[in-house]
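Asks: First the structure, which I've put down as structure tokens, then a few questions once you've had a look.
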Amino acid sequence: MGDQLSGRAGIVTGGGSGIGRAAALKFASEGGQVVIADMDEAGSAATKALIDQYGGEAICVATDVAQADEVEALVARTVAAYGKLDFAFNNAGIAGDLVPLIDYSEELWDRVIGINLKGVWLCMKYQIRQMLAQADGDGGGGGGAIVNTASVMGLVSSATNPVAYSASKHGVIGLTKTAALGYAKDGIRVNAVCPGFIETPMVAGVFERHPERKAAVVAEHPIGRLGTPEEIAAAAVWLCTDAASFVNGTAMTVDGGYVAH
Ligand code: NAD
């Protein structure tokens with residue numbers, strides 16, 4: 001337990017599983033008031049139960065990040081519960097499938113882009129509006145910190161990578177830079193985290209459908225293993241603390257060296 005986010009309120013999308021769950025726990029363990037936002041209500045409730053166990057503070061708000069009205073309501077619920085919004089981890093995402101570009105369906109393209117890319121834009125749209133509206137006592141906005149989950153697939157790609165996934169994650173990094181530049185003067189920092197392959201239900205699902213890929217994927221990480229959700233959570237939480245007060249507009253790799261070679 002720490003106190004780096006004591007008295008601060010924030011949102012974690014995709015907080016019902018994997019990286020989002022680990023991050024929600026870490027934000028709460030640093031004293032943050034956490035709104036767990038996920039379509040999977042049972043997953044969110046399980047995350048909240050883990051936070052409750054050590055006396056952390058969290059609520060759940062069922063949200064589809066691809067729906068503007070639901071994202072707007074999520075920010076409103078956060079403010080109703082905790083009075084403000086200090087940080088956000090826009091992390092909800094889906095993988096799509098490993099289908100060659102020429103066979104990829106329009107329906108899957110729209111779904112992946114809708115959640116992974118449009119969802120991050122919608123979250124930032126309503127979060128930044130709220131952060132700008134929060135008075136800080138000297139006439140300016142109240143500031144804030146936002147972290148978006150991109151991926152190493154937002155920096156590089158591969159011939160076999162899910163088509164829309166890599167495009168969406170490259171887009172998340174572009175969106176992150178635009179937001180960081182647009183609101184730096186308002187005290188709002190916006191960064192992206194780029195995980196390598198992490199042991200979560202998302203990746204387990206991909207390896208279930210394509211077991212032949214696992215050894216090769218592990219070998220692509222110079223460190224010799226996949227990452228853990230906690231290793232990404234640590235970076236996301238750090239980026240939201242004052243320890244990262246000069247970090248803005250970056251796409252931070254947490255990937256065991258994946259993009260270094
Ligand atoms: P996960 O499947 O374990 O968790 C994703 C969560 O997002 C789930 O709880 C799911 O219900 C939620 N979600 C999906 N669509 C949603 C929507 N429309 N609205 C709200 N919630 C929604 O996956 P994860 O591995 O923890 O992935 C989290 C993020 O990390 C994703 O953006 C993913 O692309 C990214 N990422 C994962 C890896 C990895 O190897 N696991 C690597 C790089 C980036």
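The values are calculated or read from the model by the stated rules, or taken from the named source; none is laboratory data. Everything numeric in this text was worked out from a predicted model, so none of it was measured. No Cβ is skipped: glycine too gets one built from the backbone with ideal geometry, and neighbour counts run over all protein chains shown. These area figures cover heavy atoms from the full protein model, side chains too; ligands, DNA and RNA do not enter into them. Shrake-Rupley method; radii C 1.70, N 1.55, O 1.52, S 1.80 Å.
Asks: Would you check if residue 77 is in contact (Cβ under 8 Å) with a residue 24 or more places away in the chain, within 15 Å of the ligand (Cβ to nearest atom) and not hydrophobic (A, V, I, L, M, F, W, C)?
Replies: yes
Asks: Pairs please, first residue from segment 190-212 and within 11 Å of residue 18 (Cα to Cα), second anywhere and within 8 Å of the ligand (Cβ to nearest atom) and not in a helix (DSSP H, G or I), Cβ atoms under 6 Å, 6+ apart in sequence or on different chains.
Replies: Matching pairs, first to second residue: 198/227; 199/226; 201/17; 202/95; 203/197.
Asks: Could you tell me which residue of segment 147-167 is nearest to residue 24 (Cα to Cα), considering only residues that are more than 10 Å from the ligand (Cβ to nearest atom) and free of Cβ contacts under 8 Å to residues at least 24 places away in the same chain?
Replies: Restricting to residues being more than 10 Å from the ligand (Cβ to nearest atom) and free of Cβ contacts under 8 Å to residues at least 24 places away in the same chain, the top hit is 166.
Here's the yes/no breakdown for (1) at pLDDT 95 or above; (2) open to solvent by 60 Å² or more (accessible area, probe 1.4 Å); (3) among the β-branched types (Val, Ile, Thr); (4) away from the ligand (no atom under 12 Å from the Cβ):
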residue: 25; (1), (2), (3), (4): yes, no, no, yes
residue: 39; (1), (2), (3), (4): yes, yes, no, no
residue: 44; (1), (2), (3), (4): yes, no, no, no
residue: 56; (1), (2), (3), (4): yes, no, no, yes
residue: 63; (1), (2), (3), (4): yes, no, yes, no
residue: 72; (1), (2), (3), (4): yes, yes, no, yes
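Asks: On to the next question. Kindly check whether there is at least one residue in segment 191-214 that is more than 19 Å from residue 165 (Cα to Cα) and at pLDDT below 95.
Replies: Yes; the residues of segment 191-214 include at least one that is more than 19 Å from residue 165 (Cα to Cα) and at pLDDT below 95.
Asks: Tell me, yes or no, whether segment 125-140 has at least one residue that is without any contact (Cβ under 8 Å) to a residue 12 or more places away in the chain, within 13 Å of the ligand (Cβ to nearest atom) and outside any loop (DSSP other than H, G, I, E, B).
Replies: no
Asks: Does residue 217 count as within 12 Å of the ligand (Cβ to nearest atom), within 23 Å of residue 259 (Cβ to Cβ) and assigned to a helix (DSSP H, G or I)?
Replies: The answer is yes for residue 217.
Asks: Right, something else. Residue 112 passes all but one of (1) in contact with a Phe, Trp or Tyr (Cβ under 8 Å, 6 or more places away or on another chain); (2) more than 10 Å from the ligand (Cβ to nearest atom); which number fails?
Replies: Residue 112 satisfies every listed condition except (2).
Asks: Another question, then. Residue under question is residue 93, and the condition is that it be within 16 Å of the ligand (Cβ to nearest atom), at pLDDT 95 or above and part of a helix (DSSP H, G or I); does it hold?
Replies: no
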